[in-house]
Amino acid sequence: MSKSAVVIAIDAGTTGIRSRAVFADGRPSISAYQEFTQYFPMPGWVEHDANEIWNAVHTTLSTVITQVNAPISAIGITNQRETVLAWDKSTGKPYGKAIVWQDRRTADRCRDLASELPLVREKTGLVLDPYFSGSKMEWLLVHGNVPVSQNLALGTIDSWIIWNLTQGASFVTDASNASRTMLFDITSMNWSTELCSMFGIPMHALPTVVPSSGRAGVTAAASGVPSRNPYFGNRWRSASRSLWTSLL
């Protein structure tokens, strides 16, 4: 990589998006930040507008790129996990709001599945809790009027951002996000047919799981950012810190 090259990080948090350019030659980084709306339609419910999230990504990323006078070597994402949304792959339009990781609307459903806890622990290492994405996906399908078709996409925020950056060419996630859905077998490193069946999740609607560090796609001109920039790397974000794989 050239000493003048730059890596751009997209930090997709729970309340806002920050894009930051980091230069190989050590010059000061450039960043832009934009918050988005938190929706609380009922006690215990927390939602995000997926289009607001994408607009914040687009705005901050474009702001940073216009100030960068160097070749962009890679773009990486660190994101809030567990938050999930559904969208139509043929139109790119979300079905309603995203359900945020803080949301507790599926607490009763998780209690009803208490007898399945040994299976969940064995496959995922997790407990049955509405914090994780699986029961949220089920709620979207059962109560959110999301139609099941070959064009259905169910994904976390990283998948949504990458989908938009690549204009649908890459529908992917990584194991650090997939492992928080309550649908991912951490031993086989694949989506679990048993857990997807338990929650009624069509496996064709889930993203391909790719390595946390590696080339997952390239930006498309139609996304509104310069095209052919490679997207590398994806890691989870927590309230206290973010972890990044090597992006270069």
Computed over the Cα atoms of the stretch 9-48, the Rg and Dmax in Å are 15.1, 49
Once both axes come from the Cα atoms, what is the angle between helix 133-142 and the longest principal axis of the chain, in degrees from 0 to 90, rounded to 10?
70
The chain: antiparallel bridges as % of DSSP beta bridges, rounded to 5, reads 65
Residue of Thr14, Thr124, Thr37 that the Gaussian network model of the chain assigns the largest fluctuation, springs spanning Cα pairs under 10 Å:
Thr37
Antiparallel DSSP bridges in the stretch 1-129: what percent, to the nearest 5?
70
Please list, by residue number, every one of the trypsin sites (Lys or Arg not before Pro) in the stretch 1-42 that is coil in DSSP and has at most 10 other beta-carbon atoms within 10 Å.
Lys3
If you place +1 on the Cβ of every Lys and Arg, -1 on the Cβ of every Asp and Glu, and leave all else neutral, what size is the dipole of the chain about its Cα centre, to the nearest 20 Debye?
600
Once amide H atoms are placed 1.01 Å from N in the peptide plane, what residues at a sequence separation of 5 or more from Ile30, or on another chain, have their amide H within under 5 Å of its amide H?
Ala21
Only residues of the stretch 196-213 count here: report those whose backbone N is under 14 Å from the spot 7 Å along Cα→Cβ of Val148, or say none.
196-206
Rough spin-label spacing in nm, given labels placed 7 Å along Cα→Cβ, for Leu117 and Thr66
5.4
Report the net charge of residues surrounding Gln150, where surrounding means a beta-carbon distance below 12 angstrom and charges are Lys +1, Arg +1, Asp -1, Glu -1.
0
So what J values fall out for the stretch 171-180 if you push phi through Karplus, 6.51 cos²θ - 1.76 cosθ + 1.60 with θ = phi - 60°, rounded to Hz, Gly and Pro as x?
10, 9, 9, 10, 5, 5, 8, 4, 5, 9
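Helix-only estimate, please: 222 nm mean residue ellipticity of the chain, summing -39500 (n - 2.57) across DSSP H runs of length 4 or more and dividing by its residues, to the nearest 500.
Helix contribution divided over all residues of the chain: -7000 deg cm²/dmol.
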Tell me, what HN-Hα J-couplings in whole Hz come from the Karplus equation 6.51 cos²θ - 1.76 cosθ + 1.60 at θ = phi - 60° for each residue of the stretch 43-60, using x for Gly and Pro?
x, x, 9, 9, 9, 10, 8, 4, 5, 4, 5, 4, 4, 5, 4, 4, 5, 5
Taking every pair of alpha-carbon atoms in the chain, what share in percent sits in each 10 Å bin, from 0 to the bin with the longest distance?
8, 33, 36, 18, 6, 1
Of all lysine pairs in the chain that are eight or more residues apart or on different chains, those with Cα atoms under 20 Å apart total 5
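All of the numbers you see were taken from the coordinates with simple rules; none came from a lab. Quantities reported herein were computed from a predicted structural model and do not represent experimental measurements. Because the Cβ atoms are built from the backbone with ideal geometry, glycine has one as well, and the counts that use them run over all protein chains shown.
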